[in-house]
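For reference, the structure discussed in these notes is given below.
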Amino acid sequence: MTEPKLRVESLEKYFPINAGLASKLLNWNADQQYVRAVDGVSFEIEPSESFGLAGESGCGKTTAGKTAIRLLEPTGGDIYFDGRQLTDLSGSELKSFRREAQIIYQDPFESLNPRFSVYDWVAEPLDIHDIGTEEERTERVYRTLDNVGLEPPSAYAGEYPGDLSGGERQRVAIARAIVLNPSFLLADEPASMLDVSIRASVLDLFKRLQRELNLAALYISHDLSLLKYMCDRIGIMYLGKLVEVGPTEEIIHNPKHPYTKALVASVPEVDPDNRRDGASIGGEVPDPTFETTGCRFANRCPEVMPRCRDGEPPMFETSDDHYTRCVLYES
Ligand SMILES: Nc1ncnc2c1ncn2[C@@H]1O[C@H](COP(=O)(O)OP(=O)(O)OP(=O)(O)O)[C@@H](O)[C@H]1O
Ligand SMILES: [Mg+2]
């Protein structure tokens, strides 16, 4: 059996909430409160697999992704990359992991330094990791630009981000991410800032690169139709926790958790056969500093029962490789 590329187990990331000025001045020793942005998340991603994280704004998708590759230090839990405990790595081992795992940010406008030319931007990771001679680097940068569709590379190398369109900038960001030949890519809302007319071409570029480079990927988006297009499996997050994980087809066409059902029903175009009532999710997203003993979704759930408040439900396997955190599926 091969190791998953990435496996996180009970991952946690809590952010301390700053006490107000008044309580600081008064040296008032209130208990420290936390935003429990990621509160016990487990998933794995196989080599060359695409996994998606979906859920409403603020549910912890970005924090989960960044913590999973240690761009944020976890509060708790385990992370394994190629079977090795990531939290144990430091120094040169951590640096070589940084080569293997790359991130594409949401905003191609903000993620590029305006004073760097396209060439500088794509060459920088090769400098940082001290790869190749000057000549080899140039060759590799040009080849990578060509591979992401910035052709001819010589026309793009000397350009600055200000000269480029949104789609071209995202391609530069992708070139920078793949120039080190990584094995894992985290793409956080990779198309949300792009014009609708060019989204598909950028997403298809991701797909082709994944195939050619054997890349495992974690796609994060609130947009289920994007994840449906890109992912083999999807995990649905609610308030820092996964409430459902399964193959994309199952999540979209056979959702089990009442939250997933509502989420899928709110984007009818992902499942044209979906004629469920109550497309909108009632109630408010609760505050992530909340303390609860029961199911986190209970306050908004159309199928809530008294025992939902007794304790947090575990994940139940509802069909092959499809798991749901809801007592409706307790066998
Ligand atoms: N650096 C931080 N300090 C304090 N709280 C944070 C920090 N980063 C995120 N949070 C909080 O953690 C929770 C999860 O945020 P996160 O950005 O991970 O959500 P998200 O699902 O990516 O949302 P979106 O879809 O809007 O990008 C939110 O309540 C957010 O306010
Ligand atoms: Mg986010």
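The values are calculated or read from the model by the stated rules, or taken from the named source; none is laboratory data. In this text the structure is predicted, and so the values were computed from the model without any measurement. As a convention, Cβ positions derive from the backbone with ideal geometry for all residues, glycine included, and neighbour counts pool all protein chains shown. Only protein heavy atoms, including side chains, enter the accessible area calculation; ligands, DNA and RNA are left aside. Shrake-Rupley method; radii C 1.70, N 1.55, O 1.52, S 1.80 Å.
Below are the figures for this structure:
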item: Residues of type lysines that Lys256 reaches as a straight line, Cα spacing below 18 Å, ignoring anything fewer than 8 places off in the same chain; result: Lys228, Lys241
item: Estimated FRET transfer efficiency when R0 is 35 angstrom, pair Glu139-Asp107 (beta carbons, to 0.05); result: 0.70
item: Debye log10 I(q)/I(0) at q = 0.09, 0.11 Å⁻¹ for the range 34-175, Cα point scatterers; result: -0.36, -0.54
item: Extended-chain gain in nm, criterion 0.36 nm per residue less alpha-carbon gap, Arg211 and Ile17; result: 65.6 nm
item: Positive-end residue, the chain charge dipole about Cα centroid, Cβ charges, pick of Gln102, Val118, Cys59; result: Cys59
item: CD proxy at 222 nm, helix term only [per DSSP H run n ≥ 4: -39500 (n - 2.57); per residue of the chain; nearest 500]; result: -9000 deg cm²/dmol
item: Probe 1.4 Å, protein heavy atoms only - accessible area per residue of the chain in square angstrom; result: 48
item: Met315 accessible area, assembled protein chains, probe 1.4 Å, Å²; result: 60
item: Choice from Ile79, Ile198, Ile103 with maximal GNM fluctuation in the chain (Cα, 10 Å cutoff); result: Ile198
item: Relative frequency of Cα-Cα separations exceeding 26 Å in the range 6-329, percent; result: 52
item: Carbon and sulfur %, accessible surface of the chain computed with the full protein complex present, 1.4 Å; result: 48
item: Given charges at beta-carbon only (K, R positive; D, E negative), |dipole| of the chain in Debye; result: 580
